[in-house]
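Heads up, the thing below is written out as structure tokens.
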Amino acid sequence: MNSQSPALKVLVAEDHAPSSTIMCRMLEHYGYDVVVARDGEQAIEKYRSEKPQLVLMDVLMPRMNGYEAVRQIKEIAGDDFVPVIFVTAIHDEDALAKCVEVGGDAFLTKPYSHTVLKSKIDAMLRIRSLHDRVVVQNRAISHFQDQLLNEQRVAEKVFHTIVRSGRSGEQGVRCVNSAKSIFNGDLFLTAKRATGELHFLIADFTGHGLSAAIGALPVSDIFQSMTSNGCSVADIAEVMNAKLKRILPGDMFCAACIGSVDAIERRLTLWNGGLPPVFIVDGNNRIRERLPPAHLALGILDEQKFDRSVQVFALEPRDRIFACTDGLIDAPIATGGRFTQDGYEACFEAPVPSNMQFDWIIDSVREIGEGNQNDDLTLIEIDTNLDESVSVAKTAAASRVPSTWETSLRIDMPALQTFDPVPHFLRLLSEIQGLDSHKANLVTILTEMYVHALDGVLLGMNPELRADHAGAPRYFEERTAKLRALERGSIYFSLRHRVEGCGGELIIQVASSGGEKNFNQVPLSGRRLPLLRTLCDCVYVMGSGNCVEATYRWGVSH
Amino acid sequence: MPMRCDISENGATIRILPPDRFDFSCHLEFRDAFSKHDGKLKYIVDLRGTNYIDSSALGMLLLLRQHAGDGRRVSIINAKPDVLNILEVVNFGDLFILE
């Protein structure tokens, strides 16, 4: 025995005094601390008061026998392991079996040799120390588990708050989202741009649970704030990528698809990085377009290497958009394989009404699936016939007292190729004047004037093509090519604001110069001029059409 | 089946053979397989024995690419059609040499 550690305490319950004495001497000789009891009741008392680490128990004793005493001692001990060795003169097999049945760990029949008793005690103590170690480890594990669960719960709360507040609750948008652990790495967000387009984001982070959901915070933040600031899909993708690249560890990334549905112009703009193909499905449930990912997932490439280019598609009146994460494609099925891309596409062959299509797919996965997915699974459907009425409400007041100020900005090449000034001015208007309730109008006015200056004047694009939804994809292709080829040109913005009554008057002037085209006459055409006229108090087209001035009055009763 | 890792005779190429299921359970082994070697070597990830690959495996490949400093020093070879399809869908061909 290690002389450093305190002596182990052994309880000896034996009514026969000479036997008890002999046993005590021997135990003391081996360095144990001995406590003696004369019967079962006393054994229980001594067990309570002395807390021995091992018990040697006779079977036949007055007042209470060894069986009952051990039964009670084991009950008192609970989860603690107190080895009990019965030491008895009985040789009857049934009686010996009962020793173990009542909770004894070993028995020794009299007469016994000291060496055998000593080895039994050693063996029992070895088991006891093993048991103690397991208990300590179990306690640590369960403590750790509690802590982990608690942290997951906290993170889940945060995550669900994001998800709940992250959907603008549009009609015609459906989403099924099932998770492998408490919460998952899949995210689906929608937000409406002030101009009426619906922005959506479907994302799948590497891994599951907490580590996957961490990235959801910045993604959701960027998506909401940039959408409300009127930023484009390409801008959002670029900023998200840069942010995720900076914060995520090297082996984590986020497969994501960011899209914008313009229900008036009947157009889908999409940036798909690493998610399964997005489908445009027509009114007859046929897949009209498969839009495979054109890019790597977010958070992989450096800012300089990131490709922000988007795809633009024309939408037919009854079109719906389906997108999913790879959890759907990879869902295990009962026959041993996986749901697969083919299985997913086959769902669109089924003779179901179009409003049942979504449920049909979900039912198909669940029916043939094993019930528990291997991965997080998300499927969304967006009906492209969204309500996109642009509000014209100019009587609302601003959150700041009107004041007089002006600002101007000139953008030359090559900044014109990538920089979108509209969000910049919106932020300015919101910060100086608090014109948040006029955002919808202002973003439309600024965007239309800017598009006229850049697309119409500098690039010489035909606005009729853009308005015609079937021509839209060609329009954007052509626009991208022309913008890339543009060598010179600049756009000048001027915003002047002055107090008028209890509101204000904002005069916006956008002028362009240079460009490849010899612009004799560039009409402010399509639905652009009527739209501006609806929103503004007056609109002047000056020069050869290269300069437009719009006056917007707010908080003034007309 | 454990991860195998061979070094070519001239010591310039490391060949890593991930197991049947290349997923999160291989994380430590895979990291060990390349992190003890110089990033300037050539790396070959041989997927001949791999039938399943998940997104954390894709993450591990990105770590290897980071370690090698350049995806052009990392080749992914012998991928079976299903596995190759996953690598292509996520456009990993832009980052690695897929053979």
The residue that is most open to solvent (accessible area, probe 1.4 Å), considering only those in the range A:231-251 that are β-branched (Val, Ile, Thr) and at pLDDT 90 or above, is A:VAL239
Expected single match for at pLDDT 85 or above and more than 30 Å from A:SER490 (Cα to Cα) among A:ILE382, A:ILE411, A:ILE368 is A:ILE382
Note: among A:GLY327, A:GLY283, just one is at pLDDT below 90 and either more than 24 Å from A:PHE223 (Cα to Cα) or among the hydroxyl-bearing types (Ser, Thr, Tyr) (or both), namely A:GLY283
Of the listed residues (A:LEU454, A:LEU426), the one being open to solvent by less than 10 Å² (accessible area, probe 1.4 Å), out of contact with any Lys or Arg (no Cβ under 8 Å at 6 or more places or on another chain) and either in a loop (DSSP other than H, G, I, E, B) or of a type outside the set (Lys, Arg) (or both) is A:LEU454
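Would you mind finding the one in A:ALA17, A:ALA37, A:ALA106 that is over 15 Å from A:ILE121 (Cα atoms), in the same structural domain as A:ASP122 (by TED's automatic domain parsing) and open to solvent by 10 Å² or more (accessible area, probe 1.4 Å)?
A:ALA17
Of everything in the range B:42-61, what is charged (D, E, K, R) and either more than 14 Å from chain A (Cβ to nearest Cβ) or open to solvent by less than 30 Å² (accessible area, probe 1.4 Å) (or both)? Give them in sequence order.
Residues satisfying the conditions are B:LYS42, B:ASP46, B:ARG48.
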Every listed condition ((1) more than 14 Å from every other protein chain (Cβ to nearest Cβ); (2) over 26 Å from A:ALA331 (Cβ atoms); (3) buried (at least 18 other Cβ atoms within 10 Å of the Cβ)) holds for B:ARG4 save (3)
Reported set for the range A:321-345 where residues are closer than 18 Å to A:ILE258 by Cβ and either open to solvent by 40 Å² or more (accessible area, probe 1.4 Å) or assigned to a strand (DSSP E or B) (or both) is A:ILE321, A:PHE322, A:ALA323, A:CYS324, A:ASP326
Looking across the range B:21-41 at residues that are within 13 Å of the chain's Cα centre (by Cα) and either exposed (fewer than 15 other Cβ atoms within 10 Å of the Cβ) or within 22 Å of A:ASP302 (Cα to Cα) (or both), the single one that is nearest to the other protein chains (Cβ to nearest Cβ) is B:SER35
Taking first residues from the range A:34-52 that are more than 23 Å from A:PRO18 (Cβ to Cβ) and second residues anywhere that are part of a helix (DSSP H, G or I), the pairs with Cβ under 6 Å that are 6 or more apart or on different chains are A:ILE44/A:ALA69; A:ILE44/A:GLN72; A:TYR47/A:ILE73
Sole miss for A:PRO277 among (1) modelled with pLDDT of 85 or more; (2) within 14 Å of another protein chain (Cβ to nearest Cβ); (3) closer than 22 Å to B:ARG65 by Cβ; (4) surrounded by fewer than 24 Cβ atoms within 10 Å (Cβ to Cβ) is condition (3)
Residue match in the range A:346-357 (condition: at pLDDT 90 or above, more than 14 Å from every other protein chain (Cβ to nearest Cβ), outside any loop (DSSP other than H, G, I, E, B) and closer than 28 Å to A:ARG193 by Cβ): no
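The values are calculated or read from the model by the stated rules, or taken from the named source; none is laboratory data. Computed from a predicted structure; not experimentally measured. We place every Cβ from the backbone using ideal geometry, glycine too, and count neighbours over all the protein chains shown. These area figures cover heavy atoms from the full protein model, side chains too; ligands, DNA and RNA do not enter into them. Shrake-Rupley method; radii C 1.70, N 1.55, O 1.52, S 1.80 Å.
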